[in-house]
Amino acid sequence: MANKELNRIRVVLAELNVKNKWLAEKLNKNQSTISLWCNNARQPSLETLKEIAEVLEVDVRTLISSQKSEKAS
């Protein structure tokens with residue numbers, strides 16, 4: 001089974017031209033933790049996802065992958 005992308009943190013960081021290191025500093029988290037989230041190896045809690053959205057000034061829904069788009073007829 002393929003590793004499903006549950007969050008879009010990496011995509012949003014790239015769109016905003018922001019590095020993992022910057023986000024780690026803003027959230028007071030380890031850079032390796034941010035990397036795990038960006039690679040969808042681990043997922044942040046809902047509270048942390050909200051914090052990420054606030055720091056990046058985006059709607060929290062922007063950070064979540066929609067599974068509907070993968071189900072094409």
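The values are calculated or read from the model by the stated rules, or taken from the named source; none is laboratory data. Just so it is clear, the structure is predicted and the values come from calculations on it, not from any experiment. Accessible surface is based on the protein model in full, side chains and every heavy atom, while ligands, DNA and RNA are left aside. Shrake-Rupley method; radii C 1.70, N 1.55, O 1.52, S 1.80 Å.
The fraction of accessible area contributed by carbon and sulfur in the chain is 48 percent, rounded to a whole number (1.4 Å probe; ligands and nucleic acids excluded). Between ASN7 and SER65, the built amide H atoms are under 5 Å apart, and every one of these is 5 or more places off in sequence or on another chain. Remark: the range 42-56, residue by residue, has Karplus-estimated 3J(HN,Hα) of 9, 10, x, 5, 4, 4, 5, 4, 5, 4, 4, 4, 5, 5, 7 Hz, where x stands for each Gly or Pro and the curve is 6.51 cos²θ - 1.76 cosθ + 1.60 at θ = phi - 60°. Ligands, DNA and RNA are left out, and with a 1.4 angstrom probe the accessible area of the chain is 75 Å² per residue.
Net length available on complete extension from GLU5 to ASN40 is 12.0 nm, with 0.36 nm assigned per residue and the Cα-Cα distance removed. Coupling constants for the range 20-27 follow from the phi torsions by the Karplus curve (6.51 cos²θ - 1.76 cosθ + 1.60, θ = phi - 60°), and in residue order they are 4, 4, 4, 4, 4, 5, 5, 8 Hz; glycine and proline get x.
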